[in-house]
Every structure is written in structure tokens, then in C-alpha cells.
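What follows is one structure encoded as C-alpha cells, with my remarks underneath.
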Amino acid sequence: MTIPVHEELSFRKGKRKYLFCADSNGAESLYDLVRLAMEENAPFDFLVIENESDSFLDLWFSQQKMGTYLYMAGNWEWVNRLKSLAVEAGFSEYEMQMKALGNRSKKVICSKCHGVNDVADESHISCMHCGIKLEVSSHYSRRLDAYLGYTSIL
Amino acid sequence: MKSNRDVQSFPYPFHESNVYRYSNNAIPLTQQNPVELTYRYIDEISLKRELLKNHPERCYQSSPHTMEAQWEIVDLIIHNLVLYYPDKFELEKKEDKWIFSNVQTKEKIAFTFGDRTTLGIEPLDFIGRHVQEDLIVMMQRDGNLFLDAGQLCFPANWSLYFDLGMSFKEIHSPIPGFRSDSLDDRILQFLMRIEAGKPWGRKNWSLMAGSRLDTSLETFSEWGQARKQVTKENAGELVHFRVEVQKLFRLPKSNGILFTIHSHMLPLERFIQHTPWLEQFYAILHELPDFISEYKGISLYRKQVLEYLEEELKKR
């Protein structure tokens with residue numbers, strides 16, 4: 001599932017409950033929304049997530065009732081992790097918004113060892129699994145949500 | 001004296017024109033067999049089985065929804081094997097109980113047709129171990145074709161692991177010039193119109209420095225190096241002409257398409273024995289646009305090959 005990542009978050013009125021999740025950098029971008037939730041007298045949880053385990057977050061997401069709306073703000077890697085956990089727990093793309101901060105990272109698959117590398121905007125990397133030099137290509141797999149890194153013979 | 005069977009059985013890929021461009025050069029098959037046996041049968045299936053054992057992730061991939069298509073492929077290939085090579089393969093059938101015999105490998109395999117548990121491995125993986133071809137399954141849905149299963153031991157520099165699940169256009173997106181004049185669209189439309197019982201075939205060619213069949217993307221760093229070692233002097237021996245004979249079959253029940261790829265290799269010095277082949281290939285390689293030469297992996301040693309061919313032409 002491809003869920004858009006927003007530049008700016010917008011408040012959705014009339015939800016049963018709101019969840020606000022942020023990493024330490026993202027908390028500030030949620031303050032305005034929290035204020036609006038309070039004005040609505042809507043129940044909400046605000047959680048700054050740093051080192052919580054997947055199983056804790058999975059349990060927390062799973063216990064939410066239908067009609068709960070999720071806001072996330074944090075760096076790319078953090079947002080991608082939270083998003084997958086929320087989707088696994090049953091949240092749909094219509095029940096969440098996220099804001100990602102900092103440099104976007106994308107996955108690059110090593111054509112030699114199939115290892116996954118997190119890459120910002122470099123065009124050449126060394127595979128962190130087998131060490132071979134890779135040229136990041138635009139060949140993209142939806143199944144793997146990753147780009148292909150070609151090995152070179154130079 | 002060296003036998004000429006390598007040259008005689010080599011599928012020459014060019015027609016009249018001395019100019020090569022990407023095109024849909026498929027023609028209807030006269031013989032409807034999806035696979036063909038050559039004198040290299042035992043060597044090549046042994047190599048396939050070795051690769052499958054040691055590198056299962058890169059040589060075999062499938063999605064669960066291809067199972068019906070996989071059984072159709074077993075049905076199609078086995079019946080063609082016993083029809084065209086009755087002294088090499090046998091099939092006994094009692095309703096769904098099949099016993100398939102490969103005379104050359106002295107194997108006898110009993111299984112229940114349609115019951116994957118009786119085979120031990122997936123049907124496509126099973127039948128692929130008895131033929132020299134790579135087998136690719138494309139499933140059709142939403143007006144598109146998707147690579148959903150394959151047994152691929154001899155890829156020409158691509159990765160089944162990476163490409164699994166991709167649409168036809170996504171797979172071909174790295175080929176420069178493939179999208180011009182909507183060639184990708186026209187070939188996709190052609191493929192989706194293929195009917196059961198009316199198979200098509202085409203040939204694709206390239207050169208490679210070295211003689212290995214398993215030129216997977218995963219091992220490029222091992223075999224790609226030889227491209228830098230080609231000289232005018234060693235080109236005849238080191239550089240190989242590679243032709244893929246590709247065949248396309250519509251599977252009537254699952255509506256999938258079976259795409260078989262038989263890769264043939266011949267050292268350049270053997271390929272040019274036949275003077276018309278030498279003359280035409282020299283003309284084609286000389287005229288070949290850079291973007292095609294680059295994609296086919298020839299650019300690094302094209303000059304050396306052309307010099308070698310020129311010298312050979314002078315001798316005739």
C-alpha cells in the first residue's frame with residue numbers, strides 16, 4: 001500500500017479519538033493539532049516514541065477502536081516503521097497522516113547479495129552487507145519497495 | 001577434425017537487413033514444441049540443477065497464484081517431450097497418476113497430476129530441471145502482464161529475484177530506446193493477444209566476453225571483468241555470440257503466458273566460419289547505435305571485435 005507522506009498535516013474534525021505519535025524531533029509539528037483536538041473535546045493520546053519495542057506499539061495500535069485517527073511526525077525511517085506497524089494493526093490510509101522530517105531514505109537492493117541498503121540521495125554506495133560498489137539505478141520493484149543497485153566492473 | 005554440430009545447430013538470428021534495431025520480431029512457430037534438445041543436453045541440465053541447488057533464491061521464484069499455470073506448463077512440456085523425443089522421454093498415465101521417465105538421466109518420477117505434494121518441489125521447478133530452457137510465467141490481469149514465476153538459470157544479465165512481480169513495462173524500463181515509438185506498448189498489446197494453440201517465437205542476440213551461460217546480474221562482478229580483456233588477437237576465442245531462442249505460449253485455463261528461453265553460445269571464431277554470417281554480422285555491428293551496443297554490454301570491446309572481423313574478412 002502506498003500512503004502519501006504529507007508536507008503539512010491537516011486536522012480532521014469529528015473523529016472518535018486521536019493518536020499523536022512523534023519522535024523527539026517531530027513532537028513540535030503536532031502541537032497545533034493537539035490544541036485543535038482539545039478544543040473539540042475529543043479524547044487523544046500523545047506519545048513520544050523513542051525506544052519502544054515493535055510488540056508494544058503493535059499492542060497499542062491493535063487496542064484502538066474504529067474511528068481512531070492517527071498522526072505521525074518524525075524522521076523518514078521512524079515514520080516508515082510506525083506506518084508499517086499501524087497498517088499491520090489494521091489502520092487504513094484514510095485513518096492516518098504522517099509528516100516525515102529530514103532526508104528521505106530509500107531502499108537499494110544489492111544486485112550481488114540481495115542485501116538491503118538505506119540510501120539518501122547518493123548515486124554510488126558500497127553495499128553494507130557484501131561490500132561491493134553499487135550504482136543506484138531507477139529500476140524499481142514495488143514488491144520489494146526498493147531500487148536496484150548495479151555492480152560495476154571498474 | 002572438429003565436428004561442425006555446434007555451428008550447424010546454432011540459431012542464426014538475423015534476416016536480410018544489415019541494420020539491427022529493437023523490434024517485435026516474433027513469428028508464428030511452425031513446430032509447436034516449447035522446448036528443444038541439443039547435443040549439450042546433459043551438460044546443461046546438470047549445470048541448471050547445480051545452480052538451483054546452490055542459488056535457489058536467484059534461480060527460482062514464484063507467487064502462489066501461479067500454481068494452476070505451473071501445472072498447465074508441466075502438461076504442455078511433458079506431452080511435447082514424449083511427442084518430439086519418444087526415445088528420450090516416456091509418460092505413463094492412469095487418470096491423474098503420471099509416471100514420467102527421462103531415459104538419458106535414468107530418472108522415473110511418479111506423481112499425481114495437480115497435487116503439488118506428490119512432486120516435492122513446485123511443478124515449474126520440477127519440469128524445468130528436465131529441459132535446457134529457462135521458463136518464465138507471465139500472468140495477465142488488469143490489462144497487463146506480470147512476471148509471477150520463473151526458473152531462470154541462464155539469464156543475460158538480469159535478476160529474477162528483483163524483477164518478480166513486475167509488469168512487462170517495468171521489467172523492460174532499463175532498456176534504453178525501448179519506449180520510443182511506444183514499442184513497449186505495441187509488444188505488450190501483441191503479447192496479450194496471443195492465443196492458445198498459436199505459439200510465437202523470436203530470437204534475441206548479444207555478445208559476451210567469456211563462455212558462461214549463467215550470466216546472472218548477481219555474478220556480474222565475476223564475469224563482467226572479461227570485457228576489459230578482449231583484444232583483436234583473442235576476440236575469436238574469448239568473445240562468444242549468444243542467441244536466445246524465445247517462445248511464447250498462451251496457457252488456456254489460467255490465461256497465463258509461458259515464455260521459454262533457450263540460450264545458445266558459440267565462440268566468435270566458430271560463428272564466422274560461415275562467410276555470409278561474418279559479412280552480415282560485421283555490417284550490423286559496425287552500424288549498431290551506441291545505446292544498443294551499451295545495453296548489450298558490447299561497448300567496452302566493440303572496437304576490438306570489429307578489428308578482428310575486418311582481418312577475417314580480408315582473408316576470405
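The values are calculated or read from the model by the stated rules, or taken from the named source; none is laboratory data. This structure is a prediction, so every number in the text was calculated from the model and none was measured. FYI the Cβ positions are ideal-geometry reconstructions off the backbone, even for glycines, and counts take in every protein chain you see. To get the accessible areas, we keep the full protein, side chains included, count just its heavy atoms, and leave off ligands, DNA and RNA. Shrake-Rupley method; radii C 1.70, N 1.55, O 1.52, S 1.80 Å.
Being in contact with a strand residue (DSSP E or B) (Cβ under 9 Å, 6 or more places away or on another chain) and either among the hydroxyl-bearing types (S, T, Y) or open to solvent by 70 Å² or more (accessible area, probe 1.4 Å) (or both), is that true of even one residue in region A:51-65? Looking through region A:51-65, at least one residue is in contact with a strand residue (DSSP E or B) (Cβ under 9 Å, 6 or more places away or on another chain) and either among the hydroxyl-bearing types (S, T, Y) or open to solvent by 70 Å² or more (accessible area, probe 1.4 Å) (or both). Considering region B:55-87, and only residues there that are more than 14 Å from every other protein chain (Cβ to nearest Cβ) and free of Cβ contacts under 8 Å to residues at least 40 places away in the same chain, the residue that is nearest to B:M166 (Cα to Cα) turns out to be B:D75.
The criterion of at least 3 residues that are within 30 Å of B:K228 (Cα to Cα) and within 14 Å of chain B (Cβ to nearest Cβ) is met by the following strands (runs of 3 or more DSSP E) wholly inside region A:41-154: A:106-110, A:133-141, A:146-151. Report yes if some residue within region B:77-88 is of a type in the set (S, T, Y) and farther than 16 Å from B:E122 by Cα; otherwise report no. Yes: region B:77-88 contains one or more residues that are of a type in the set (S, T, Y) and farther than 16 Å from B:E122 by Cα. Residue pairs whose Cβ atoms lie under 6 Å apart, separated by 6 or more positions or on different chains, with the first residue in region B:153-172 and at the interface with another protein chain (Cβ under 9 Å from one of its Cβ atoms) and the second assigned to a helix (DSSP H, G or I) and surrounded by fewer than 18 Cβ atoms within 10 Å (Cβ to Cβ), are B:Y161/B:E57. Just so you know, in region B:213-235 the residues that are within 11 Å of another protein chain (Cβ to nearest Cβ) and of a type in the set (D, E, K, R) include one that is surrounded by the fewest Cβ atoms within 10 Å (Cβ to Cβ), and it is B:K228.
Given the condition within 24 Å of B:Y308 (Cβ to Cβ), within 14 Å of chain A (Cβ to nearest Cβ) and of a type outside the set (A, V, I, L, M), answer yes or no: does some residue in region B:196-207 qualify? There is no residue in region B:196-207 that is within 24 Å of B:Y308 (Cβ to Cβ), within 14 Å of chain A (Cβ to nearest Cβ) and of a type outside the set (A, V, I, L, M). Restrict the check to region B:296-308 and report whether at least one residue is touching a Ser or Thr at 6+ places or on another chain (Cβ under 6 Å) and under 30 Å from B:V131 (Cα atoms). Among the residues of region B:296-308, at least one is touching a Ser or Thr at 6+ places or on another chain (Cβ under 6 Å) and under 30 Å from B:V131 (Cα atoms), which makes the answer yes. Residue pairs whose Cβ atoms lie under 6 Å apart, separated by 6 or more positions or on different chains, with the first residue in region B:303-316 and at pLDDT 95 or above and the second open to solvent by 50 Å² or more (accessible area, probe 1.4 Å), are B:Q304/B:T231; B:Q304/B:K232; B:E307/B:K232; B:Y308/B:K232.
The set of residues in region B:6-55 that are closer than 19 Å to B:E133 by Cβ and among the small types (G, A, S) comprises B:S9, B:A26, B:S46. Take the conditions (1) more than 28 Å from B:N80 (Cα to Cα); (2) open to solvent by 50 Å² or more (accessible area, probe 1.4 Å); B:K253 misses just one of them, which is (1).
Within region B:82-120, being closer than 19 Å to B:Y39 by Cα and either modelled with pLDDT under 95 or among the hydrophobic types (A, V, I, L, M, F, W, C) (or both) holds for B:V82, B:L83, B:F89, B:V103.
Of these, B:R141, B:R193, B:R179, B:R129, which one is in contact (Cβ under 8 Å) with a residue 24 or more places away in the chain and open to solvent by 30 Å² or more (accessible area, probe 1.4 Å)? Can you show your working first?
Working: B:R141 fails: in contact (Cβ under 8 Å) with a residue 24 or more places away in the chain; B:R193 fails: in contact (Cβ under 8 Å) with a residue 24 or more places away in the chain; B:R179 fails: in contact (Cβ under 8 Å) with a residue 24 or more places away in the chain.
On inspection, the qualifying residue turns out to be B:R129.
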